[in-house]
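Written below as structure tokens is the structure these notes are about.
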Amino acid sequence: MYVSIVLPTYNEKENLPVMIQKLLDVFDNHHMKGNIIVVDDNSPDNTGKIADQIAAMEQRVKVIHREGKMGLGTAYIAGFRHAVENNMVDLVFSMDCDQSHDPAYIPDFIDMHLKGYDVVVGSRYIDGGGVENWGVHRRIMSKGANLLSSTILGMRVKDMTSGYRCYTAKVLREIEMDSITSNGYSFLEEMLFLCNKKGFTIGETPIVFIDRTLGSSKLSKKEMWKFFLTLMRLKIKS
Ligand SMILES: Nc1nc2c(ncn2[C@@H]2O[C@H](COP(=O)(O)OP(=O)(O)O)[C@@H](O)[C@H]2O)c(=O)[nH]1
Ligand SMILES: [Mg+2]
């Protein structure tokens, strides 16, 4: 099993070194082959330079530099493209680089994949999953967005907005990622919608999401509105 981890970063200088070390420990402890692909958007806090320094010492770490903040969706796409250029790759993960996604869950995702799922979502909203450190406002927004999108799009997935996922290389080679017009958080919704439409199977594994303690969130009010607009557009398309 060869695994690639795509880590989009924007101002994550405190989190990136910790996250990479934790991921490499998981690789080593589980005898996994793989690499980590950091996609940095010219972070003003020099996350990109820190990533280069780590990559110079650790060949399992690759860095994609983009000119400026171009959004989470296109960062995922750039990382996914790079990951599947490698013929050895079996599974590609996406994870936030703020330590809210614990690398210790990676073996659970792999188990779900081995049960036959093409896409595995790390879910906060199934038994065993949860959220820590979120205020009431953010909890309601997230739960509401998920209920609405799974109901409107008629999908069984309980956590449509979780960014902790894994896809088989086949999924990423077959989904027309260029057709995805949404960026930011709506990307996550649109990607699952396309996977479902193509007939790929989607499973969920529980994760406890621990909100970041270092750095700050990039989720803006604008992203939330875009999420609902995307939902309507996908509904019309389906
Ligand atoms: N490359 C890149 N990474 C981004 C961008 N926006 C957010 N990220 C990263 O995506 C991940 C999730 O973002 P975050 O702000 O933690 O979102 P939240 O957890 O929903 O509050 C983090 O690793 C961010 O550094 C972007 O425009 N470009
Ligand atoms: Mg976060």
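Quick look at the values:
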quantity: Residue satisfying all of: in the stretch 198-224; outside any strand (DSSP E or B) and at pLDDT 95 or above; nearest to the chain's Cα centre (by Cα) among these; calculated: I207
quantity: Test: residue in the stretch 142-157 that is in contact (Cβ under 8 Å) with a residue 24 or more places away in the chain and crowded, with 23+ Cβ neighbours inside 10 Å; calculated: yes
quantity: The stretch 79-97, residues that are in contact (Cβ under 8 Å) with a residue 24 or more places away in the chain and either surrounded by fewer than 23 Cβ atoms within 10 Å (Cβ to Cβ) or among the β-branched types (V, I, T) (or both); calculated: R81, H82, V84, N86, M88, V89, D90, V92, D96
quantity: Counted residues, the stretch 35-60 - those being more than 9 Å from ligand 1 (Cβ to nearest atom) and within 19 Å of Y164 (Cα to Cα); calculated: 3
quantity: Filter result (away from ligand 2 (no atom under 14 Å from the Cβ) and either among the hydrophobic types (A, V, I, L, M, F, W, C) or in a loop (DSSP other than H, G, I, E, B) (or both)) within the stretch 2-17; calculated: V3, I5, V6, K13
quantity: Enumeration of residues in the stretch 186-219 that are within 16 Å of ligand 1 (Cβ to nearest atom), surrounded by fewer than 22 Cβ atoms within 10 Å (Cβ to Cβ) and not charged (D, E, K, R); calculated: V208, I210, T213, L214, G215, S216, S217, L219
quantity: Candidates K22, K49, K33, filtered to the one that is touching a helix residue (DSSP H, G or I) at 6+ places or on another chain (Cβ under 9 Å), surrounded by fewer than 17 Cβ atoms within 10 Å (Cβ to Cβ), more than 16 Å from D96 (Cα to Cα) and at pLDDT 95 or above; calculated: K33
quantity: Residues being within 16 Å of ligand 2 (Cβ to nearest atom) and either of a type in the set (F, W, Y) or assigned to a helix (DSSP H, G or I) (or both) - total across the stretch 30-76; calculated: 5
quantity: Given (1) under 23 Å from L219 (Cβ atoms); (2) touching a residue at least 60 places away in the same chain (Cβ under 8 Å); (3) surrounded by 13 or more Cβ atoms within 10 Å (Cβ to Cβ), index of the condition D108 fails; calculated: (1)
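The values are calculated or read from the model by the stated rules, or taken from the named source; none is laboratory data. Model, not experiment: these values are computed from the prediction. Quick reminder, even Gly has a Cβ in these numbers, built from the backbone with ideal geometry, and neighbours come from all protein chains shown.
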